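Report on the structure given below.
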Amino acid sequence: MKKYLLILSLTGFLLVNCCNMRKQKADFILYNAKIYTVDSVLTVAEAMAVKNGKVLASGSARDIFEQFNSGTQYNAGGKPVFPGFIDAHCHFYGYALNFRHVALNGCTSFAQVIERLKKSGEYKQGEWIVGRGWDQNQWKEKVFPDRKRLDEIYPDNPVVLTRIDGHVVLANNRALELAGIDIHHSFNTGEVEIRHGSLTGILSETVADHMKNTVPKPSLEEQGRLLHLAREKCFEAGLTTVSDAGLGAETVGMLDSMSSGGDSSFMIRIYAMLEPSRDNIDRYVRNGPYLTARLHVNSVKVYADGSMGSRTALMKQVYSDMPCIHGIQVITADSLRKICHLCLENGYQVNTHAIGDSANKLVLDIYGEFLKEQNDLRWRIEHCQVVDPADLYKFRKFSIIPSVQATHATSDMAWAEDRLGPERVKWAYAYKKLLQQNGWLANGTDFPIENISPVNTFYAAVARKDIKGNPEGGFQADNALSREEALRSITIWAAMADLWDNEIGSLEPGKNADFVILDQDIMQVDIITVPKTLVLETFVGGHSVYKRFQNP
Ligand SMILES: [Zn+2]
C-alpha cells in the first residue's frame, strides 16, 4: 500500500515537473480580461501571454496558465481589452506645437476670439501671437473675419490665427509685412481676399502655408518638450500609433532620434507621411521605405484641394451657398502624376487629401493610370468627404483605400447641406458606401481639427450623432458602421492602411503587445454612453505607458 502511494506521488511529481518543463516562459500574463483580439473572426479571449513586447498567445485563462509560466501577472479586473488604437490620419506634430498656441476652438464670435487673445497674456513688442481653432460657422454672421481689429490692438505684434481646418489663416498687417505678402503679388485664384483694394488678412492654401512657415519655430528642445506632452495625451486617450499626415525631413529626423534609443521613453509608434518637398524626396523617398520599430516612413501626403468649411474643397458643381465658386485645386494633374510615378518606383504609398467630388475624381483617375487594376499597394485618399456615386466604383477597381474621419460627419452636419444642397449632401460622409468598395476602410480624427479620442471616432461612426446625442436617429444613418466595423477601422484596418498590419492592429501571436484596458465595453454598452468611456491603462510593446488610477 505504502509502496503504491509512493509510486503514485512520484508519478504525480514527474507529471507536474514535465508540465513545468514544457511550459513556456512569458514576461507577464494578462488575465481576468475580456480581450478583443480583433483577429479575422473577432475572437474574445480571457487571458494573454506576453514576452519581449510581443503577444505569445491568447485564449481561455486555463489554457494560458497551462501553457505559460510567469512571475508577473496582471489582473484586468474583468475589464475589456482592445488592441492599442490607431489614428489613421492626424497631425501629431501640429497638435504638439499647438500647446503653445492660443486655443480658439469653440469661440462663438470674433469678439470672443479677440477676448481670448487678450486674456492669453502680455506680449512684448514684436513678439508673435499665434492662435488656432476659430470657425466662422459657429458664429452668428458666418463670414470670414478681417484683420482690422487685430491691426488696431496689435499694431507692432505679428498675429496669425489659423482656422480650425488649418487651410485658412487670418493674419494682421505686421504678420503680412514679415511674410512679404502684399497686394502687388500674383496669387492663385481664391487664395487671398481683397476688399477695397487691400488684403483682408484672410489667406488660404499655399499663401496660408507660407504665412504659417514664417512664424518662428520653437527651439528643438522646446519642440521635444511639446512632443512629449502630445504623446502623453495620446496614451491617455488610448492611442498607441499615430499617422502624421505631412511632415518635413527635419521633423521626421527629430522623431526618429526621439523614438530610437535617443529617448527610450518616447514609446508612441508613428507612421509619418512625408510632404512632397525636394528635401523629403532626396532624403527619404529615393532611398526607399525607412522602417524602425516605432517609426515608419513609406508614404507621401499630397493635397488635391482645400476644405468644405472654407469652401476651398474642389467641387464639380458650384457651392449651393455661394454659386460663383467651385473651390480650389491645389495640385496640377501632372504634379500628382510625377509624385505617383516616384512613389511607385520607390515602394512608397501615395496618400492624397481630397474632399470635394471633383478632387476625388481627379485623384481616383490619376491613381488608376498607375495602379491599372486591383492591387495591394494601399494607396489612399484622405477624407473622401464628397464622392460622386458615379466615381465610387473606382475605389474597388484600383483597390484605393478610403481614409475617413467619422467625427467630421457629426462636426460638419450643421452646415454641410448649406454648402452642398439637399441632393449632393446625400453623397457626403458616405462611410458605409466607401467601406463596401474594398470591404474595409481606415478611420482617424485629423486632430487637432477634432478631439483626439478614438472612442469618439468609434461612437460617431456607429451612432452618427454628436457628443450631445444629436440628431435623434443619427445623421444620414444609412452610412453608419457596425460596431465591429468601427472597431476594425481604428485598429486592424488602420494598421493595414498604414502598411503596418504585420506588427500592429490586432492581438495575435507575434504582434506587438500594444493594448488598452477600458472601463466599459464599447462593443456592448448603450452606444450613447460610449463617449464617457475611460481608458484605464495603455500598453505599448508590453510596457505600461499610462495608468489612470495609480495603485495605493
Ligand atoms: Zn489632415
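The values are calculated or read from the model by the stated rules, or taken from the named source; none is laboratory data. Bear in mind the structure is a predicted one, so any value in this text is a computation, not a measurement. FYI the Cβ positions are ideal-geometry reconstructions off the backbone, even for glycines, and counts take in every protein chain you see. The protein model used for the area step is the full one, side chains on, heavy atoms only, and it has no ligands, DNA or RNA in it. Shrake-Rupley method; radii C 1.70, N 1.55, O 1.52, S 1.80 Å.
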task = Can you give me the P(r) profile for the chain? Cα pairs, bins 20 angstrom wide beginning at 0, each as a whole percent.
result = 21, 52, 22, 4, 1, 0
remark   = Among Leu507, Ile194, His353, the residue whose Cα sits farthest towards the positive end of the charge dipole of the chain (+1 at Cβ of Lys and Arg, -1 at Cβ of Asp and Glu, taken about the Cα centre) is Leu507
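How big is the charge dipole of the stretch 275-433 about its Cα centre, in debye rounded to the nearest 20, if each Lys and Arg gets +1 on its Cβ and each Asp and Glu gets -1 on its Cβ? The partial results should precede the final answer.
On the way: 21 positive and 19 negative charges, 78 e Å.
About 380 debye.
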inquiry  = Using the Karplus curve 6.51 cos²θ - 1.76 cosθ + 1.60 with θ = phi - 60°, what ³J(HN,Hα) values do you get for each residue of the stretch 420-433, in whole Hz, with x for Gly and Pro?
reply    = 9, x, x, 7, 4, 4, 5, 8, 8, 6, 8, 5, 5, 5
key: Degrees between helix 205-214 axis and first principal axis of the chain (Cα, 0 to 90, nearest 10)   = 80
inquiry  = At 1.4 Å probe size, with the rest of the protein present, what percent of the exposed accessible area of the stretch 399-480 is carbon and sulfur atoms?
reply    = 50
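Report the full-extension gain for the segment Ile194 to Phe99: residue separation times 0.36 nm, less the Cα-Cα distance, to one decimal in nm.
Numbers: separation 95, 0.36 × 95 = 34.20 nm, distance 3.17 nm.
Using 0.36 nm per residue and subtracting the Cα-Cα distance, I get 31.0 nm.
What number, in percent, do you get for the relative contact order of the stretch 74-133 if the mean sequence gap of Cα pairs under 8 Å and at least 6 apart is divided by its residue count? Don't jump to the answer; show the numbers that get you there.
Details: 26 pairs, mean separation 23.0, N = 60.
Rounded, it is 38 percent for the stretch 74-133.
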request  = With a probe of 1.4 Å, find how much accessible area the stretch 33-157 has per residue, and write the answer as a whole number in Å².
outcome  = 47
inquiry  = Taking each pair of distinct Cα atoms in the stretch 377-514 once, what is the resulting Kirkwood hydrodynamic radius in Å?
reply    = 15.3
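How large is the Kirkwood hydrodynamic radius of the stretch 270-402, counting all unique pairs of alpha carbons, in Å? Display every interim value, and only then the final one.
Details: mean 1/r = 0.0657 Å⁻¹.
Taking every pair of different Cα atoms in the stretch 270-402, averaging 1/r and inverting gives 15.2 Å.
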ask   = What percent does the relative contact order of the chain come to when contacts are Cα pairs within less than 8 Å and at least six residues apart?
value = 16
request  = Just order 503-515, 534-546 by mean Cβ neighbour count inside 10 Å, highest at the front, would you?
outcome  = 503-515, 534-546
P(r) histogram, all alpha-carbon pairs of the stretch 38-165 included - 10 Å bins from 0, percent = 10, 28, 16, 10, 15, 16, 6, 0
query = Could you give the accessible area per residue of the stretch 467-543, probe 1.4 Å, as a whole number in Å²?
reply = 36
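Among the listed pairs Lys338/Lys397; Lys338/Lys426; Lys316/Lys338, give every one whose C-alpha distance is greater than 29 Å.
Details: Lys338/Lys397 22 Å; Lys338/Lys426 34 Å; Lys316/Lys338 24 Å.
Violating the 29 Å limit, Cα to Cα: Lys338/Lys426.
Expressed as a rounded percentage, what relative contact order does the stretch 188-235 have, with Cα pairs under 8 Å and six or more residues apart? Before the final figure, lay out the partial values.
Details: 20 pairs, mean separation 10.9, N = 48.
Normalised by residue count, the contact order of the stretch 188-235 is 23 percent.
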note = Ordering Asp321, Asp376 by the accessible surface of their heavy atoms, 1.4 Å probe, largest first, yields Asp376, Asp321
key: Gln73-Tyr290 pseudo-label distance in nm [points 7 Å out on the Cα-to-Cβ vector]   = 4.6
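So, by mean Cβ neighbours within 10 angstrom, what's the order for 132-138, 517-523, 478-484, 347-353 with the highest one leading? Before the final figure, lay out the partial values.
Numbers: 132-138: 20.9, 517-523: 19.3, 478-484: 16.7, 347-353: 24.1.
Descending packing order for the listed peptides: 347-353, 132-138, 517-523, 478-484.
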³J(HN,Hα) computed for each position of the stretch 39-54 - Karplus, 6.51 cos²θ - 1.76 cosθ + 1.60, integer Hz, glycine/proline x = 7, 5, 10, 6, 5, 10, 10, 9, 8, 8, 9, 10, 9, 6, x, 10
request  = For Lys25, list the lysines whose Cα falls under 16 Å from its own Cα; do not include residues on the same chain fewer than 8 positions away.
outcome  = Lys51, Lys54
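Mean 1/r over all different Cα pairs, inverted: what Kirkwood radius does the stretch 108-191 give, in Å? Don't skip to the answer; put the middle values down first.
Values: mean 1/r = 0.0737 Å⁻¹.
Radius from the Kirkwood sum: 13.6 Å.
When the chain is fully extended, how far beyond the present Cα-Cα distance does Val525 get from Phe549, taking 0.36 nm per residue of separation?
Values: separation 24, 0.36 × 24 = 8.64 nm, distance 2.22 nm.
Contour length minus the Cα-Cα distance gives 6.4 nm.
Quantify how much of the Cα-Cα distance distribution of the stretch 243-289 extends past 16 Å, in percent. Please report the intermediate quantities before stating the final value.
Numbers: 409 of 1081 pairs.
Cα-Cα pairs of the stretch 243-289 separated by over 16 Å account for 38 percent.
Quick one: putting +1 on the C-beta of Lys and Arg, -1 on the C-beta of Asp and Glu, what dipole do you get for the chain around its Cα centre, in Debye to the nearest 20? Present the calculation step by step, with values, prior to reporting the outcome.
Details: 60 positive and 65 negative charges, 298 e Å.
Charge dipole of the chain: 1440 debye, to the nearest 20.
Multiplying the sequence separation of Thr43 and Glu66 by 0.36 nm and subtracting their Cα-Cα distance, what value in nm do you get? Please list the in-between numbers first.
Working: separation 23, 0.36 × 23 = 8.28 nm, distance 1.96 nm.
Extra length from Thr43 to Glu66 when fully extended: 6.3 nm.
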Straight-distance crosslink candidates among lysines, where the alpha carbon sits under 25 Å from Lys212 and sequence neighbours closer than 8 are dropped = Lys118, Lys119, Lys124, Lys142, Lys148, Lys233, Lys301
